[in-house]
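Take a look at the structure below.
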Amino acid sequence: MATRKVRHIGDPVLKKVCKPVKKMTPNLLTLIDDMFETMYEAQGVGLAAPQVGIVRRICVVDVQDEDPVVLINPELLESSGEQTDDEGCLSVPGKCASVTRADHIVVRALDRDMNEVTYEVEGLKARAFLHEMDHLDGILYGERANEPYHDIEEDEEEDLQ
């Protein structure tokens, strides 16, 4: 495993709509492992493939609930409720913004073995899934924000990690 360079706002790869994964390959398995390592090294809770320069529909999420998740070709099936909170992003370093998202979602995806899985999640995990899935469609959280980005205060940084 290796850490990869995280692309930052302004990099054109972050605005691309990602291509579906049709079959698992050794390179994609390495990518998934590297994405987890990169995310953990940066103290994030999610990372999407375009954030490391790969235009494929893959993201990883771990909100420190001992259930790391790989989402390949994720599809939002249901959403309900509402939550508003500050979000940060490894591709927008030092900034955050208030974003309103669904509080409860159901997502269908493939896991790293290309088995279909369904996740029903809420709260922070739902927020993280939706944030990372947006990356797969070339959307940064600032486009959904209730306010412009602002600098992260030291105490906010701990809350966002």
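The values are calculated or read from the model by the stated rules, or taken from the named source; none is laboratory data. Everything numeric in this text was worked out from a predicted model, so none of it was measured. Every residue, glycine among them, receives a Cβ derived from its backbone with ideal geometry; neighbour counts consider all protein chains shown.
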**OP:** Find all pairs meeting these conditions: Cβ atoms under 7 angstrom apart; at least six residues apart or on different chains; first residue within the range 59-84 and part of a loop (DSSP other than H, G, I, E, B); second residue of a type in the set (Gly, Ala, Ser).
**Re:** Val63/Ala128; Gly81/Ala102; Glu82/Ala102
Original post:
Is it the case that Val107 is closer than 14 Å to Leu76 by Cβ and either part of a strand (DSSP E or B) or out of contact with any Asp or Glu (no Cβ under 8 Å at 6 or more places or on another chain) (or both)?
Top reply: yes
Original post:
So which residues in the range 1-35 are among the β-branched types (Val, Ile, Thr), closer than 20 Å to Asp113 by Cβ, surrounded by 16 or more Cβ atoms within 10 Å (Cβ to Cβ) and without any contact (Cβ under 8 Å) to a residue 60 or more places away in the chain?
Top reply: none
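Collect the residues in the range 36-56 that are in contact (Cβ under 8 Å) with a residue 60 or more places away in the chain and touching a Lys or Arg at 6+ places or on another chain (Cβ under 7 Å), keeping them in residue-number order.
First, the residues of the range 36-56 that are in contact (Cβ under 8 Å) with a residue 60 or more places away in the chain: 43-51.
Matches in the range 36-56: Ala49, Pro50, Gln51.
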**OP:** Please find, within the range 5-35, the residue that is farthest from the chain's Cα centre (by Cα) out of those that are among the hydrophobic types (A, V, I, L, M, F, W, C) and in a loop (DSSP other than H, G, I, E, B).
**Re:** Met24
**OP:** Would you check if there is a residue in the range 36-58 being outside any strand (DSSP E or B), surrounded by 14 or more Cβ atoms within 10 Å (Cβ to Cβ) and among the polar types (S, T, N, Q)?
**Re:** yes
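Kindly provide the set of residues from the range 110-143 that are part of a loop (DSSP other than H, G, I, E, B) and either farther than 20 Å from Ala49 by Cβ or without any contact (Cβ under 8 Å) to a residue 40 or more places away in the chain (or both), ordered by number.
We begin by selecting, within the range 110-143, every residue part of a loop (DSSP other than H, G, I, E, B); these are 111-115, 137-140.
Asn115, Ile139, listed by residue number.
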Original post:
When Leu160 is evaluated against the numbered criteria (1) at pLDDT 95 or above; (2) within 14 Å of the chain's Cα centre (by Cα), which criterion, by number, is the only one it fails?
Top reply: (1)
Original post:
How many residues, within the range 94-147, are more than 27 Å from Asp34 (Cβ to Cβ), acidic (Asp, Glu) and exposed (fewer than 14 other Cβ atoms within 10 Å of the Cβ)?
Top reply: 2
Subject >> Any chance Val92 is of a type in the set (Val, Ile, Thr), under 15 Å from Gly46 (Cα atoms) and modelled with pLDDT of 95 or more >> reply: yes
